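Since the structure comes first, as structure tokens, the remarks are kept for the end.
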Amino acid sequence: MTQAVVQSGVNAWAGGAAAIAVTLNGCVQNNYLEVRIGVWGGTIQPNCTISDGTHTYALAARAQELSNTFDRSNAEVHYVKVSANGNYTVTVTHPSGTASERYGTIWVGEISGRDGTSPLNSGASGTATGSSTTPSVTGAGSTTDANSLRVGAVAISNSDTTAGVDAATGNSLSWTNRSLGQDGTQEAYSFDDAPATANSTPTVSWGTLDATATWAAVVVAFKDAAGGGGGGADGTAEVYNLFTVVA
């Protein structure tokens, strides 16, 4: 069965509180909760923590951009199978003790139709970092299950020049942008996914930036379930332009 986004929400840090959250109501047992993160941490590496009071989230992939000493960034994807029907508030906590270093965006979605035993095609996942105008990432190998959902996330940092970002493309697939942010001054991000029906090495790129920037990107592949699951797809992109430059 093809995976689908049943419902989703977006929240962002903008130099304030350490913890931000998204609430998803009426989640269905054995569906999955997935968290995509594009986060910046100033001088610290922003490895965030995730909690909903019930589940323990698995890390699918994390890319860490280390070269930009004053604006380090992560792109991450986490997931967990829903243990029981119910409402879940997913809280993501930024590790910085300094409010002015807390920037970034989270997307939280409920996913139906995903393999319930071993969902991650871990051998096909990939991470990349760079300093260029062309953020992109290629998986480490070919998927082992032809039917899968490819997920891409990118976090782009540039404190000096404009850094635009496009929605994802790659593998000649029909990508859906779930959330896109580009403020034109400091940081940008994109969260995207696409269903696939053939084994291949997952690849994704986000167009050509307006100027050279440092970036971190991940791509992962989640296996479809043989059958079952439920819920419809939410294909609407949510666009946020929330970032401001902090001196």
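The values are calculated or read from the model by the stated rules, or taken from the named source; none is laboratory data. This structure is a prediction, so every number in the text was calculated from the model and none was measured. For neighbour counting, all protein chains shown are included, and Cβ atoms are generated from backbone atoms with ideal geometry for every residue, glycine included. Please note that ligands, DNA and RNA were not included when accessible areas were found on the heavy atoms of the full protein model with its side chains. Shrake-Rupley method; radii C 1.70, N 1.55, O 1.52, S 1.80 Å.
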(message) Starting from the Kirkwood Rh over alpha-carbon pairs, what translational D in µm² s⁻¹ does the chain have by Stokes-Einstein at 25 °C and 0.890 mPa s?
(response) 139 µm²/s
(message) Using each residue's phi in segment 199-213, evaluate 6.51 cos²θ - 1.76 cosθ + 1.60 at θ = phi - 60° and report the 3J(HN,Hα) Karplus result to the nearest Hz, with x for Gly and Pro.
(response) 5, 6, 7, x, 9, 8, 9, 10, x, 10, 6, 6, 7, 4, 8
(message) What whole-number volume per residue, in cubic angstrom, does the convex hull of the C-alpha atoms of segment 96-138 give?
(response) 184 Å³
(request) Sticking with the crude label model, points 7 Å out along Cα→Cβ, report the distance from Thr144 to Ala19 in nm, one decimal please. (result) 3.8 nm
(message) Can you give me the Rg/Rh ratio for segment 1-80, using Cα atoms for both radii and the Kirkwood formula for Rh?
(response) 1.00
(message) Just the number please: accessible area per residue for the chain, 1.4 Å probe, all protein chains included, in Å².
(response) 37 Å²
(request) Equivalent ellipsoid semi-axes for segment 126-226, as square roots of 5 times the alpha carbon gyration tensor eigenvalues: give them largest first, rounded to whole Å. (result) 26, 12, 9
(message) Calculate the FRET efficiency for Asn47 and Thr98 from the Cβ-Cβ distance with a Förster distance of 22 Å, rounded to the nearest 0.05.
(response) 0.90
(message) Sequence gap at least 6, Cα distance under 8 Å: using those rules, report the relative contact order of segment 1-148 to the nearest whole percent.
(response) 36 percent
(request) Pull out a ≥ b ≥ c, the square roots of the eigenvalues of the alpha-carbon gyration tensor of segment 2-136, then state rounded if a/c is under 1.5, prolate if not and a/b is larger than b/c, and oblate in the remaining case. (result) oblate
